[in-house]
Amino acid sequence: MGNSSKRLKAKLTRRRFIARIAAGLATIQAGSLLPSFGFGSSKSVIGQQALSDRKINEISGEKIILPRPEISGEVSIEQALSHRRSRRKYAQEYFTVRELGQLLWAGQGITGEDQGIKLRAAPSAGALYPMDIYVVLPVGVYSYIVSNHSLERISSKDKRIQLGIAALAQEFIPAAPVNLVITVEYERSMIKYEQRGVRYSIIEAGNISQNIYLQAESLGLVTVAVGAFYDDQVQKVLDLPKRHRPLLIMPVGYPLP
């Protein structure tokens, strides 16, 4: 197959992908899952109490203080481990902001302090924490701010379709109500460990991913860790800082019955 034929095939595949996903999202928005943009002004700071039971498609503030995470639940660690699977089919239903906050806390949230260092849920070599998590929602793209367990908006556009295209047109990515994008700034680790810091950072991404998997199981949600995507395209779609290199995409949702 010549180069021109390959380009034409890729273009047609992309068009079919966009058409299928757009049709699916239109169906969702036509029903009870229509995003509500009236909650909060464009420059509001939304408090945790008001947000706890809100669905993730009902937020619109520039800065969102997430509900306080729970440190006990009804599902044991053994049960979560037993049931953990990679799942790519999601119900057409949004979960709550409380549940989103719980997932983010499990991945990168602060769990304690030692000698002035804020320690997080996932282990990190030298407690240098080179990772960040970006949240791709129907109402925009947010950065998870670890220090005060909050979200800061970096885009008010729904980027799920573009993210799916950047991820080799994997249709389950834009079909999920939320995607967590785990990024790395290798320099934070390399300042101490030099080139070895790259390996330590990749290991840390796996730690974060497993935490999110287990927390999702505990909440009755499902997810999958995706590493198949074009790094530069994901960075461009989400307008990430140059040093924040994407390592994993984790779509999350309720499982299909």
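What the table below lists for this structure:
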| item | result |
| --- | --- |
| Förster radius 51 Å - calculated FRET efficiency between K89 and K192, Cβ distance, rounded to 0.05 | 0.75 |
| Fully extended contour minus Cα-Cα distance, from S155 to D231, at 0.36 nm per residue | 25.5 nm |
| Convex hull volume per residue for region 73-157, taking Cα atoms only, in Å³ | 150 Å³ |
| Three semi-axes of the equivalent ellipsoid, region 118-257, Cα gyration tensor, whole Å, largest first | 24, 17, 14 |
| For region 150-214, radius of gyration divided by Kirkwood radius, i.e. Rg to Rh on alpha-carbons | 1.06 |
| Counted charge near P255, where neighbours are those whose Cβ lies closer than 12 Å (Asp, Glu -1; Lys, Arg +1) | +2 |
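Bear in mind these aren't lab numbers, they're just calculated from the coordinates by the rules spelled out. The structure presented is a predicted model; accordingly, all values stated were derived computationally and were not measured. Neighbour counts are summed over all protein chains in view; Cβ atoms, including those assigned to glycine, are modelled from backbone coordinates with ideal geometry.
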